[in-house]
Amino acid sequence: QVQLEESGGGLVQAGGSLRLSCAASGTTFLINSIAWYRQAPGKQRDLVASISRSGSTNYADSVKARFTISRDNAKNTVYLQMNSLKPEDTAVYYCNGRTVVKDYWGQGTQVTVSS
């Protein structure tokens with residue numbers, strides 16, 4: 001089993017920055033990739049960024065050049081540095097850990113960007 005816990009959300013003004021953290025515990029050696037998703041009210045959950053075991057990264061077009069995903073293997077933690085935030089970035093952000101057999105999800109953290 002894998003457990004994921006997000007932190008770092010909050011309220012920020014447009015143009016500001018936040019850093020989200022996703023701490024993994026349990027059988028973390030089974031995780032092949034970790035991703036951040038977000039879900040705004042009334043909308044589907046969308047991929048924001050992902051990082052694979054090898055370190056390759058992938059970003060949604062809407063966040064490229066503004067968001068950076070990174071990891072600290074010693075701490076089993078993945079970060080999402082979010083800069084130049086926009087009101088449309090407002091959503092609940094979820095951490096996803098993918099193994100061969102299933103996906104694991106955290107409880108989510110709210111990010112609210114005021115204009």
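Among residues that are exposed (fewer than 13 other Cβ atoms within 10 Å of the Cβ), assigned to a loop (DSSP other than H, G, I, E, B) and of a type in the set (Val, Ile, Thr), Val63 is not included. Consider Val48 carefully, then state whether it is touching a Lys or Arg at 6+ places or on another chain (Cβ under 6 Å) and open to solvent by less than 40 Å² (accessible area, probe 1.4 Å). Judged against the criteria, Val48 is a match. Does the stretch 14-35 contain at least one residue that is more than 19 Å from Trp105 (Cβ to Cβ), touching a Lys or Arg at 6+ places or on another chain (Cβ under 8 Å) and of a type in the set (A, V, I, L, M)? Yes. In the stretch 50-74, the residues that are without any contact (Cβ under 8 Å) to a residue 60 or more places away in the chain and more than 15 Å from Ser84 (Cβ to Cβ) form Cβ pairs under 7 Å with partners that are polar (S, T, N, Q) and assigned to a loop (DSSP other than H, G, I, E, B), at six or more places apart or across chains, as follows: Ser52/Asn32; Arg53/Asn32.
Picking from residues in the stretch 48-69 that are in contact with a strand residue (DSSP E or B) (Cβ under 7 Å, 6 or more places away or on another chain) and of a type in the set (A, V, I, L, M, F, W, C), the one that is farthest from Val92 (Cα to Cα) is Ile51.
Out of the residues in the stretch 73-110 that are of a type in the set (Val, Ile, Thr) and part of a strand (DSSP E or B), state the one that is surrounded by the most Cβ atoms within 10 Å (Cβ to Cβ). Show your work before the answer.
Taking the stretch 73-110 as the starting set, the residues that turn out to be of a type in the set (Val, Ile, Thr) are 77-78, 90, 92, 99-101, 109.
Within this subset, residues satisfying the condition of being part of a strand (DSSP E or B) are 77-78, 92, 109.
Numbers: Thr77: 17, Val78: 27, Val92: 18, Thr109: 23.
Of everything passing the filter in the stretch 73-110, Val78 is surrounded by the most Cβ atoms within 10 Å (Cβ to Cβ).
For the stretch 1-45, a residue qualifies if it is surrounded by fewer than 16 Cβ atoms within 10 Å (Cβ to Cβ) and in a strand (DSSP E or B), and the qualifying residues are Gln3, Glu5, Ser7, Gly10, Leu11, Gln13, Arg19, Ser25, Gly26, Gln39. Selection of the stretch 15-32 for residues being within 17 Å of the chain's Cα centre (by Cα), hydroxyl-bearing (Ser, Thr, Tyr) and modelled with pLDDT under 95 yields Ser25, Thr28.
The values are calculated or read from the model by the stated rules, or taken from the named source; none is laboratory data. Here the structure is a predicted model, which is why all the values come from computation and not from measurement. For neighbour counting, all protein chains shown are included, and Cβ atoms are generated from backbone atoms with ideal geometry for every residue, glycine included. The area values use the complete protein model at the heavy-atom level, side chains included, leaving out ligands, DNA and RNA. Shrake-Rupley method; radii C 1.70, N 1.55, O 1.52, S 1.80 Å.
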